[in-house]
Amino acid sequence: MEIVSLAGSELGKFPSRNTVVYAFLSLITLNLFTVYWWYTLSRDPNEHFKAHRLIEEEIASKIASLKA
């Protein structure tokens, strides 16, 4: 049996975010930082799902090559 490595295995990791620091920065910048915060919170899952799709496509191609 061959060991298969996935090219995008590091792509789907979420960065750690400190909510207390983000809330403090929002207060200091009069909620201007909140716009960035919301953008980041909506972008992270999208990046995760994009990486997940790439990994699934690679797994599907490996399975298809085994069947052939």
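Per-structure values
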item: Exclusive hit being of a type in the set (A, V, I, L, M), at pLDDT below 85 and part of a helix (DSSP H, G or I), set 23, 60, 7, 51; result: 51
item: Test result for residue 30, of a type in the set (A, V, I, L, M) and in a loop (DSSP other than H, G, I, E, B); result: yes
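The values are calculated or read from the model by the stated rules, or taken from the named source; none is laboratory data. As the structure is a computational prediction, the values presented were derived from the model and not from experiment.
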